[in-house]
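Quick notes on the structure that follows.
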């Protein structure tokens, strides 16, 4: 339910901003404006706007696929407060995924970013920590499924490499650090998940 609410809010705000460049400019992540003018809200507002339909659709589809299951996992692990913790994970991940980019670009007025990718990555890795043996498929290679933990390793490797190259407008740093944050946040809430993770992937 919470995942669907997040999707509805994100889609609504994103669609409004696609037709309102001024509003989009006020809401998107700009490290310089955060650093120099203390517009801290941008750390969060940037996660509810998207560049175009494709950007929005990919993020919301990924959030729907992983989010509804991760939300259920959180409820099963933590009871009623699991819903609140799931909300905290998602909202805080929007900001935490951008801190690396903030430090790197806080004196660069021309650096902008937007989208929920960092928070979605956090949700995916919360899912992976809880269910590392779940079978996940590649969107670009239909019919090929691999264990979630292996998918996660490949994801981190690719995002780290592409982030270091820095030759595209895609926020690979946010993907990488959002993923790390989602795993760390979930483990911090329930440290026994580490031993459960190891037991699942090793069979012991």
Give, in nm to one decimal, the length gained when the segment between residue 161 and residue 40 is fully stretched (0.36 nm per residue of separation minus the Cα-Cα distance).
40.7 nm
Is the stretch 1-90 best put as rounded, prolate or oblate by its Cα gyration tensor, with a ≥ b ≥ c the root eigenvalues, rounded for a/c under 1.5, and otherwise prolate when a/b is larger than b/c, oblate when not?
oblate
What is the distance in Å between the Cα centroid of the stretch 43-97 and that of the stretch 178-198?
16 Å
Helix axis angle, 2-18 relative to the chain longest principal axis, alpha carbon, degrees
20 degrees
Answer rounded, prolate or oblate for the stretch 2-202, using the Cα gyration tensor with square roots of eigenvalues a ≥ b ≥ c: rounded when a/c is under 1.5, else prolate when a/b is larger than b/c, else oblate.
prolate
What 222 nm value per residue comes from the helices of the chain, counting each DSSP H run with n ≥ 4 as -39,500 (n - 2.57) and dividing by all residues, nearest 500 deg cm²/dmol?
-22500 deg cm²/dmol
Using Cα atoms only, what is the angle between the long axis of helix 117-130 and the major principal axis of the chain, expressed in degrees (0 to 90) to the nearest 10?
10 degrees
For a quick check, take a GNM of the chain with Cα springs below 10 Å and name the residue from 11, 91, 194 with the largest mean-square fluctuation.
194
Most fluctuating of 32, 102, 110 in the GNM of the chain (C-alpha, under 10 Å) is 110
Rounded to the nearest 10 degrees, what's the angle between the helix 172-189 long axis and the longest principal axis of the chain, both from Cα atoms, 0 to 90?
50 degrees
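No value in this document is a laboratory result; all are computed from the given coordinates. Source: prediction; values computed, not measured.
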